[in-house]
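The values are calculated or read from the model by the stated rules, or taken from the named source; none is laboratory data. Everything quoted here is computed from the prediction, not taken from an experiment. Neighbour counts are summed over all protein chains in view; Cβ atoms, including those assigned to glycine, are modelled from backbone coordinates with ideal geometry.
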Amino acid sequence: MPLFSGRRAESFVAEARANRERVDAERRSAEVKAQAMLYELHQQLTRAVLEARTLKDDIEPRSAEALEETEYAYERGRYSYLELVDAQREYLAVQAALIEAAANAHTLRAEIERLTNAPLTNPAP
């Protein structure tokens, strides 16, 4: 039986404690980074949902109305074909922006659900 074995093991015990503290610090650091990333993704999702709602509820109806009025005026001979095409392009640009915003919102939602491994019930406040 070796004498004073406790003193010889002190360095191993100190090393094990240091390793445990390092692992704990790395775990806390990873948790903070993950929370920050989820917060940023949630903020992006909120902005994307707001953008899609604004486009759908405000801008798209106005653009559709402007296109209808331009078509009506074109049929009556008040507007040229160039003005009609310009109104059609504007309407299609709004539609494309709406699709892009909605796709971005769905992509962000899927990424958040993937990272948290839980479904989102309410993506925006």
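Restricting 87, 101, 96 to those that are over 21 Å from residue 34 (Cβ atoms), modelled with pLDDT of 95 or more and under 12 Å from the mean Cα position of the chain (by Cα) reduces the list to 101.
Quick one: is residue 35 polar (S, T, N, Q) and either at pLDDT 95 or above or surrounded by fewer than 10 Cβ atoms within 10 Å (Cβ to Cβ) (or both)?
Values: polar (S, T, N, Q): yes; either at pLDDT 95 or above or surrounded by fewer than 10 Cβ atoms within 10 Å (Cβ to Cβ) (or both): no.
No: the conditions fail for residue 35.
Only one entry in 101, 96 is surrounded by 14 or more Cβ atoms within 10 Å (Cβ to Cβ) and closer than 25 Å to residue 42 by Cα, namely 101.
Taking each residue of the stretch 83-94 that is within 15 Å of residue 60 (Cβ to Cβ) and without any contact (Cβ under 8 Å) to a residue 40 or more places away in the chain and looking for partners that are among the aromatic types (Phe, Trp, Tyr) and in a helix (DSSP H, G or I) with beta-carbon atoms closer than 7 Å, six or more apart or interchain, yields nothing.
All of 88, 43, 35 fail the test of being more than 19 Å from residue 121 (Cα to Cα) and either touching a Pro at 6+ places or on another chain (Cβ under 8 Å) or part of a helix (DSSP H, G or I) (or both), apart from 88. The condition (being more than 28 Å from the chain's Cα centre (by Cα) and on the phi < 0 side of the Ramachandran plot) is satisfied by just one residue among 53, 76, 114: 76. Please tell me if residue 119 is assigned to a helix (DSSP H, G or I), of a type outside the set (Phe, Trp, Tyr) and loosely packed, with under 15 Cβ neighbours inside 10 Å. No. Beta carbons closer than 8 Å, at least 6 apart along the sequence or on distinct chains, pair a first residue in the stretch 41-57 that is over 10 Å from residue 108 (Cβ atoms) and at pLDDT 95 or above with a second that is in a helix (DSSP H, G or I) and among the β-branched types (Val, Ile, Thr) for 55/94. Do we have residue 102 as touching a Lys or Arg at 6+ places or on another chain (Cβ under 9 Å), within 30 Å of residue 48 (Cβ to Cβ) and part of a helix (DSSP H, G or I) here? When the stated conditions are applied, residue 102 passes them.
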